[in-house]
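The structure under discussion appears below in the form of structure tokens.
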């Protein structure tokens, strides 16, 4: 039996190294570990780097929705309150989610970095992976595997007004807002 790997880092090639560095340090509450003319390494935990930026000396184009590429990288918070705390911190720094989606299995806020890459900030709805898998095999998920959009300010207000995590992580809460389909924004076709 072979050993299982653990996630180490994600690397982005960018023509905007300073913007990308500052954005990831802000969004992840991270710091620069190393930087030179070709590389930047950023971390937010015990790992020596979680995000790396390669900045080659050639012109690069911004990511567009019509190319095959990694879609997003996701970061999980321990609780809804932690996710909302990060949302407020970023909102107050004028970093707003491109779209928020009640996937049912997660409650997710997607942000777009300066190069157009998506970063998902999420919480898991289920404590056990088997429960999440069972949900994904159920009728609600089969009917809509993406889920409805939600307004992060409405989520924040509902939580402050005493709504439970269970209530707010259920898709029924998000469906009440009747917001537009999140797919165009998620796929980069609109913001």
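For the peptides 133-140, 167-174, the ranking by mean Cβ contacts within 10 Å, running from highest to lowest, is 167-174, 133-140.
Here residue 34 and residue 69 are evaluated by their C-beta separation; at R0 = 30 Å the FRET efficiency comes out at 0.75. Highest average first, the peptides 22-28, 118-124 ordered by how many other beta carbon atoms sit within 10 Å of their residues are 118-124, 22-28. Between residue 7 and residue 166, what is 0.36 nm times their sequence separation minus the Cα-Cα distance? Round to one decimal in nm. Working it through step by step, the gained length comes to 54.4 nm. What is the helix-to-structure angle for 17-28, meaning the angle in degrees between its Cα long axis and the longest Cα principal axis of the chain, kept from 0 to 90 and rounded to the nearest 10? That works out to roughly 30 degrees. Potential lengthening of the chain between residue 62 and residue 91 amounts to 8.1 nm, from the contour at 0.36 nm per residue minus the alpha-carbon distance. Using the rule -39500 (n - 2.57) for each DSSP H run of four or more residues, divided by the residues of the chain, the 222 nm mean residue ellipticity is -8000 deg cm²/dmol. Mean separation of Cα pairs under 8 Å and 6 or more residues apart, divided by the residue count, gives region 72-186 a relative contact order of 29 percent.
Rounded if a/c is under 1.5, else prolate if a/b beats b/c, else oblate: with a ≥ b ≥ c from the C-alpha gyration tensor eigenvalues square-rooted, which is region 72-186? Each step should come with its number before you reach the end.
Details: a/c = 1.44, a/b = 1.24, b/c = 1.16.
The shape class here is rounded.
Antiparallel beta bridges, as assigned by DSSP with both residues in the chain, represent about 65 percent of the total such bridges.
No lab work stands behind these numbers, since they all come straight from the coordinates. On a predicted model such as this, the values are computed, not experimentally measured, just so you know. For neighbour counting, all protein chains shown are included, and Cβ atoms are generated from backbone atoms with ideal geometry for every residue, glycine included.
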